[in-house]
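Throughout, read-outs are computed from the coordinates displayed, never taken from laboratory work. Quick caveat: nothing in here was measured; it's all calculated off a predicted structure. All Cβ positions, even for glycine, are placed from backbone atoms using ideal geometry, and neighbour counts span all protein chains on display.
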Amino acid sequence: MSKRFKVAPILAVVTKEKGLGQDDSVLGFLMPFEGDSLEILADQSPDSTVPVTEEQLWDLARGVPELSRCGVMHGDINEWNTVLCRASASDSGSERSRLLLIDLGDEAPGYEGDEKALGSLFLWCLEHAPSLRGGPEGAQRIRTAAAMLRDGDFDEALGALSPR
C-alpha cells in the first residue's frame with residue numbers, strides 16, 4: 001500500500017459488532033507508526049519548518065490518483081494526516097524518506113475532494129519547507145501543480161512537478 005498508494009499500510013479494520021438486525025460498521029483502521037505528521041514536525045521546529053522535497057510531493061501526488069482509480073477517496077488529506085516516513089540506516093541506498101497518508105476513510109465535513117485537498121497541502125508545504133523555495137522555478141512548479149490540483153487535474157499537476 002505504501003509504495004503504490006502512498007498510504008500507511010492497514011493492519012486491521014476495527015468494526016462495531018453487529019447486533020440482531022444491524023449492519024457492521026467500521027470504527028477505524030489500525031496502522032503502524034510510520035513517522036510524525038507534517039503538522040507535528042512544524043510545531044516541533046523552532047522556525048516551523050518541515051524537511052519536505054519537491055520529489056516527495058511528486059511521489060505523494062502519484063499515489064492519490066491510484067487510490068481514486070481503485071474507487072477509494074482518502075477523505076481528509078492535510079498536514080496532520082501526512083507523515084514523513086524516514087528511511088532507516090538499514091534501508092538500501094535507493095530508499096529515501098517519503099510522505100505517506102494516514103487516517104484513511106472518513107470524509108471530513110465540507111471536504112472538497114482529494115485533488116483540492118492535495119493542492120492545499122502543497123501550498124502548506126511551500127509555506128513550511130524552505131527547501132521548496134530554494135529557487136523561483138521550484139516554488140512556481142509547486143504553485144502551478146497546486147492550482148492544477150485545485151482544478152482537479154492530476155495529470156497536469158504531475159507533469160508540472162515531474163522530476164527533471
Taking the Cα of Ser2, stepping 7 Å toward and past its beta carbon, and measuring to each backbone N in segment 26-58: which are under 14 Å? 31-37
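Would you work out the charge dipole size for segment 125-164 about its Cα centre, treating the Cβ of every Lys and Arg as +1 and the Cβ of every Asp and Glu as -1, and quote it to the nearest 20 debye? All intermediate terms of the calculation are to be shown ahead of the outcome.
On the way: 5 positive and 6 negative charges, 43 e Å.
Value, rounded to 20: 200 debye.
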Given R₀ = 30 Å, FRET efficiency for Ser45-Asp151 by Cβ-Cβ distance, to 0.05? 0.40
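What FRET efficiency comes out for Val72 versus Asp36 if R0 is 25 angstrom and r is the Cβ-Cβ distance? Round to the nearest 0.05. Show your work: numbers first, answer last.
Details: r = 24 Å, r/R0 = 0.97.
For Val72 and Asp36, the calculated efficiency is 0.55.
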Distance in Å, no decimals, from the C-alpha centre of segment 50-78 to the one of segment 96-164 is 8
Charged-residue dipole, Cβ positions (Lys, Arg, Asp, Glu), the chain about Cα centre, Debye nearest 20: 460
Among beta bridges that DSSP assigns inside the chain, antiparallel share in %, nearest 5: 90
May I ask for the net charge around Arg4, where only other residues with Cβ less than 10 Å from the Cβ of Arg4 are counted and Lys, Arg are +1 while Asp, Glu are -1? +2
